[in-house]
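I have placed the structure first, in the form of C-alpha cells, so that the comments after it can refer back to it.
Throughout, read-outs are computed from the coordinates displayed, never taken from laboratory work. A quick note: this is a predicted structure, and the numbers were derived from the prediction, not measured. Counting neighbours? That spans all protein chains shown, and the Cβs are built from the backbone with ideal geometry, glycine included.
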Amino acid sequence: MKIKKSLIVVNSFKEESKTLGNEIQAYLEGLGIKTDIFVFNGFSEQYPFFGYDFVITMGGDGTVLFASRGCAPFGIPIFPINFGSFGFIASVQRNEWKKELNDFLDGKSVIDERSMLQADLIRCGNRRLSATGLNDIVICGKTAAHTISFSVLYDKVPLGEIKADGIIISTATGSTAYSASAGGPIIDPGLDAMVLTLMNAFSLSSRPLVLSPEGQLEIEILPSRISDVVISVDGQIPVDLHVGDVIRIRQIDAKARLIGCTKEKFYDALRSKLNWSGGPQHA
C-alpha cells in the first residue's frame, strides 16, 4: 500500500515534542505524504484517526495508549517516538526517528500486534459504559487504603469474593505498568494473556493469576464500608461504580499495531527500569 497520509500526535506538555513534530511534518510532506498534527493534552474524547495510513506519537507511553484506542479499530499502525522516560511501548528514540521512519516507509520495519481489552459496565441489566484499553482496567476506591468488596467469575466459574484496595486486569503489554507495581508478573508481550492482580488484598494467600485471553471475567461490586468505587481504563478519567454493578472484561479482535517495538527494545527497557546489572563485579 502506498502511504499518502499521516497524523502526528504531539504532547501539549512537551515543547520539544511540538518542535520535532513540525520537523517531521516538513520531512514527510517533502516526501509527498500529507501530514496533519493533533495536540494531545493527556485526556481526549476525540479520536481523529480515521483515514490516515499511519500515526506518529510524540510523548510517553500514555500518548501511545491514547492513539492505540483510536487506531486499533481501523488497523492503523503507530510509530511511537519516546519523549518520556525509557518507555516500554514508546520505543523509538528521538535521535533515531529518521532512520526508523525511513525503514518503515521502505517496508523494512517490524509491526508488532498487541492485544487489547474491553470493559463493559452492566447496571440493572443495561450496558452503561464500554471502553477499550491496551494496558489495563483498574477497579478501586476513590481514595487510597480503602478496602472494597467484589466477586470475580472467570467464564462463569467463581474465583471467590474478595476484599482488597482494588483489582487490576492487564494485558501482557500492561503487565509492566500498574500491575507490576502491585506485585503482578511481567509477561513477554509475545505471550497472549490476561493478568489479574489484586491491590493490597485482605488475605495474604491472594496471588496474581495469569489467565487465557479466550475467557471472560465478570467482576461484581459488593456492599462494603465505602461506596466510592471507580473504574479506569488505561488511566483515563475514572467512572463511578455502584453496588451491584457488573464489569465484563474480554479481549477484543482489534489489535494495536506498533511499529519498531521489537523484543530487543522490550528487554532493553526492562533492564533499564529494573536496573538489572548481573552479579557482583570482580577485578
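What residue, among those in region 113-130 that are over 23 Å from LYS255 (Cβ atoms) and not charged (D, E, K, R), is surrounded by the most Cβ atoms within 10 Å (Cβ to Cβ)? That would be LEU121. Filtering region 137-155 to residues that are in contact (Cβ under 8 Å) with a residue 40 or more places away in the chain and not in a strand (DSSP E or B) leaves LYS142, THR143, ALA145, HIS146, THR147, ASP155.
Screening region 168-261 for strands (runs of 3 or more DSSP E) wholly inside it with 1 or more residues that are crowded, with 21+ Cβ neighbours inside 10 Å and touching a Phe, Trp or Tyr at 6+ places or on another chain (Cβ under 6 Å) returns the ranges 217-222, 246-259.
Being under 22 Å from ARG250 (Cα atoms) and surrounded by fewer than 23 Cβ atoms within 10 Å (Cβ to Cβ) is the filter here, so list the residues in region 71-111 that pass it.
Taking region 71-111 as the starting set, the residues that turn out to be under 22 Å from ARG250 (Cα atoms) are 71-76, 89.
Once the filter is applied, which keeps residues that are under 22 Å from ARG250 (Cα atoms) and surrounded by fewer than 23 Cβ atoms within 10 Å (Cβ to Cβ), region 71-111 yields PRO73, PHE74, GLY75, ILE76.
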